[in-house]
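Only one structure is covered here, and it is reproduced in the block below.
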Amino acid sequence: MPSLDPDTQADRLPGDVEEELAAVLPETQGSRFGRFLTGAIWHFVAVLLLAVAASILWREFHELSPADLAAAIRAWGWDSTLLAIGFSATSFLLMGVVELMGLRWAGARIGAGSALAGGFIACAISHSLGANLLVAGAVRARFYAKHGITLRQVAAATVFNSFTFAVGISTLAGVSLLLARGHEIAEVSRIAKPVADAMGGILVTGVTGYIALCAVLHRPLRVFGHSVKLPSWRTALAQLAIGTVDNAVAAAILWILLPAGAISYFAFVGAYAPSVIVGLISHVPGGVGVFEGAVSTLTRGLSPAALAAAFLGYRLFFFLIPLMVAGISLAIDTVGERARRSEKARS
């Protein structure tokens, strides 16, 4: 069985990167029938969640007129618009820092600039296309091939990034649910305060347990047929800090586009974080529709026009524009690399 231990050496990246990477990443392991059954279940879940989300969105926004939506967008003002763009850029910068940490942890030798560029391209594309582990891993493998980074190092860095996101979103959701005041939860959220406290406590406890496990467990774990080496407790704390700030900034992109005073930040994040998770579980590309339906379900008292406009801004600033920039950047890099190889072959 392949190993995700970052110290394990491997050959250079093969040509059929996606197929080879699928055999390395943990979520793809198992029998052929098991993979088929799992895929069928996830497709059913995706269709079900998308149908539920469509029903919710129709109920919330079917009376919304284009004029109301345009007025809500104009109400952002330049200050909120620029802040949203700045938050998006900051989030991708933090993802790049995590990318560098993951690659260095996996034993890869690469400059900070290349890691930041690779992290931006991989995250921007995988966020929008879904299937994050495989898509992000394949993009990383293609981009980092010229740096001599092995497929197992790419897989280890991809899993490291996923753990950082999971730790960050769990910490953000847990702390926000615990800090949101009872009257705020009652006024603008459909999450009951006792449920919010219980969920917050469970999430914070889970993150604490992960940090403790990294501190006391120094031998590799066997997970899905792989040998997985946990990071040190210092690295785990860095994952927690950067992942939490990254997710907090991403949530602020949507929150800042809502009318001032409509909902407190902590109460909003209590709805945002689980909605992100539901969007990921749905396997719908980018969680489109599912994420919006979940946020609409978990919040109340917000103007439909303002909420719909905020959704559009969030998708534009955090998904569409980064995807376009990443796609163009990857195409330029691929063409340039092929040109360099051709020139080297001729010489």
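The values are calculated or read from the model by the stated rules, or taken from the named source; none is laboratory data. Predicted model only: the values in this text are computed from it and were never measured. Accessible surface is based on the protein model in full, side chains and every heavy atom, while ligands, DNA and RNA are left aside. Shrake-Rupley method; radii C 1.70, N 1.55, O 1.52, S 1.80 Å.
Assorted remarks:
- Nearest-10 value in Å² for the accessible area of Lys146, using the 1.4 Å probe: 70
- For segment 192-347, the square roots a ≥ b ≥ c of the C-alpha gyration tensor eigenvalues yield an a/c of 1.5 or more together with a/b not exceeding b/c, which makes the shape oblate.
- Using a probe radius of 1.4 angstrom, the carbon and sulfur fraction of the accessible surface of segment 243-347 is 71%.
- Leu103 accessible area, 1.4 Å probe, all protein chains in place, Å² to nearest 10: 0
- Sequence-distant lysines (8 or more away, or on other chains) whose Cα lies within less than 25 Å of Lys344: Lys146
- Thr299 long-range amide H proximity, modeled H, under 5 Å: Arg190
- Accessible-area ranking of Ile125, Ile73, largest first, probe 1.4 Å: Ile73, Ile125
- Backbone HN-Hα couplings from phi across segment 140-156 [Karplus 6.51/-1.76/1.60, Hz, Gly and Pro as x]: 4, 4, 5, 6, 8, 4, 5, 8, x, 7, 6, 5, 5, 5, 4, 4, 4
- A probe of 1.4 angstrom, applied to the heavy atoms of all protein chains, finds Met324 with accessible area near 110 square angstrom.
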